[in-house]
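The values are calculated or read from the model by the stated rules, or taken from the named source; none is laboratory data. All values reported here derive from a predicted model rather than from experimental measurement. Glycine gets a Cβ as well: all are built from the backbone with ideal geometry, and neighbour counts include every protein chain shown. Please note that ligands, DNA and RNA were not included when accessible areas were found on the heavy atoms of the full protein model with its side chains. Shrake-Rupley method; radii C 1.70, N 1.55, O 1.52, S 1.80 Å.
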Amino acid sequence: MTANAHRTIDAALDDAPVFYPTAEEFSDPMVYLSSIEPKVRRYGICKIVPPPGCAPAFNEDAWGRDTERFDTKQQHIDALKEGRTFKFGKEYTKAEYTTAAIEFDKQFSSLAGAGSETMERRFWDVVETQSEKIAVDYGNDLDVNVFGSMFAATSDGLRHPWDLGHLFAHPLNLLRVIEHEIAGVTKPWLYLGMRFATFCWHVEDHFLCSLNYLHRGASKTWYGIPGVDAEAFENCARATVPHLFKDAPDILHQIITMVPPGVLVQHGIKVSRLVQNEGEFVVTFPRAYHAGFSHGFNVAEAVNFGHIGWLNFGQKAVDVYSKGAFKRNAVFAHQRLIVDASESFARAYDIARASLQSKSIGALTSALRKEMERMLSDEQYFRASLVRRGLQLKEVKPHADNDDVCCVRCKAIPFLSVVRCRCLPTAVRCLSHAMDACSCEPEHRCLEIRASVHQLSNIILRLSHASARGANHQGTRETATTPLSRTPAHGKDAESIKSEHAPLGTPWTDEELMQLVKGIKIHNINLKSQRESRAIMVISIAAMIPTRTQTQVQSKLKKFEGQVRRMTAERRAQLGIEFTPNHADTRLLELKRAWEKRAVNTGAG
Ligand SMILES: [Zn+2]
Ligand SMILES: [Zn+2]
């Protein structure tokens, strides 16, 4: 049986991708990480080998400051399949741990100088057959504020671009808008490992990405599962060790279970593997379950980050947290992060647009706009229905983000709207659980709103302007620097670059919005004359539509379409703006699609 399991491991595990960036590619971690993600998606994890001479140096001074003792977790390797909670191991200083780890290696004379395959066989032998009793102390999750970060400054006295303590501040890291420090998420943790010290299967909080650096010492073997297989993995783990899930439904969140990769592969889960050596980075992408173990004494550091590819997963995490069988506390308010990041990008785009990151910032700006539109649509739906049910409405000022409170029911952290009841005003409910947690009348409940629909629409509008400016800016810049002699085989000609920067999804210009909205009455609202208000109104209307039934949407759309057609015909000559019917059709089609998509997403009709 053991032999079978090994054979499965050997035969069916994929090699996770390994990247060797050039010094130029390596100069910006967030741009590089976003660029490789499409190639890693099928695996979930990958390894990045810094270019020669570019790996971050070890901070000997920080290592030498060794006054504090840290706690360890005692792991019984032969019992990892049982999912027992780890007890505390001994306490060590860094020097004491190093000595203990090196001493521990001497117990395994047959593993002296062994390769990673031999090491792996022995590890799984112990886990699967309990042939030996092995207990190790793992120094995980050590606070770098106390024990120091091991990233040294560069020779110029600057921070290395891949210094994980610095990643948080990167313009493309969405987590940078979180104002309070979250240990292990926005601030790195330090990990001291010894032979067979294990990180059991887990995903990162909020399905974030993680970046891990092995500062020095023995290698680590990693296993990864692509994000798309996360639920399949959870089901498989549940089926393989049902008794564990029965006793502790959140067992995977406790990070104490080691399901052998061979077993997962037999259940059709795609598992990939890599060996991380000293001076190499490992990345885990959104919702990619991962696990692994150390070959011997080592020092590592890790932190989370959120890039453009994480946006959808972040919302998914909130949904899974709130609706999943096992509840898990959110560690920050996702809505607040999206709103703050959107405001930041709407504001900062002009400053950053000329830099190397401009393309990435443009893409992130558009992605945030989509997220904001979705959030606005949800907010409007819930707010309207709760007010109809009799809840009191109250506008409140946002507070500092470290005072955010979890929903009493689902442990998500709501931000834009919060529901409280008179019977226990300190208890907070998210919009989905507005009526939960007590049986008081709706009139006793208060819907606290921290941002009005107008404020949110305004952010969306500014994001649209920001990405439009970015697209225009890039278009001109690229056109200007493209040599006329360049042939399509070697690069894009100016025309194709221009058309690429004006795809179907580009934001509406002021003129187009004015044309669309002028003279249209919906719900008998007389639109104000200011351009800005009109633009906001269009966005609001588009977001409002899904709260109606499908039939209503269609008839409203038809009416709207007719009005726009009549309006464009009448107004074209009057306003003297070129507005060809084809152009109008494209725009209408785009709007129609957006509405239909929203209607489907919100399950209207
Ligand atoms: Zn809730
Ligand atoms: Zn109540």
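What the table below lists for this structure:
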read-out: Interchain or long-range residues, amide H under 5 Å from G184's placed H; value: W189
read-out: Nearest-0.05 FRET efficiency for S452 and A57, computed from C-beta distance (R0 35 Å); value: 0.10
read-out: Computed label-point distance, nm, for sites R41 and E117 using a 7 Å Cα→Cβ extension; value: 3.3 nm
read-out: Order of exposure, largest accessible area first, which applies to K220, K187 with probe 1.4 Å; value: K187, K220
read-out: Computed label-point distance, nm, for sites R238 and S155 using a 7 Å Cα→Cβ extension; value: 5.6 nm
read-out: Sum of side-chain charges, D436 neighbourhood, beta-carbon under 11 Å (Lys, Arg +1; Asp, Glu -1); value: +3
read-out: Out-of-range pairs (alpha-carbon distance over 32 Å; input K90/K316; K359/K394; K270/K323; K87/K187; K39/K90); value: K90/K316; K359/K394; K39/K90
read-out: The stretch 155-267 - charge dipole about Cα centre, Lys and Arg +1 at Cβ, Asp and Glu -1, debye rounded to 20; value: 400 debye
read-out: Length gained when the stretch K411-E82 is fully extended (0.36 nm per residue, less Cα-Cα span); value: 115.7 nm
read-out: In order through the stretch 159-176: 3J(HN,Hα) via Karplus (6.51 cos²θ - 1.76 cosθ + 1.60), integer Hz, x for Gly, Pro; value: 7, 4, x, 9, 4, 5, x, 9, 4, 3, 7, 4, x, 8, 8, 4, 5, 4
read-out: Pairwise label distance in nanometres, N329 with C440, each label 7 Å out on the Cα-Cβ vector; value: 2.5 nm
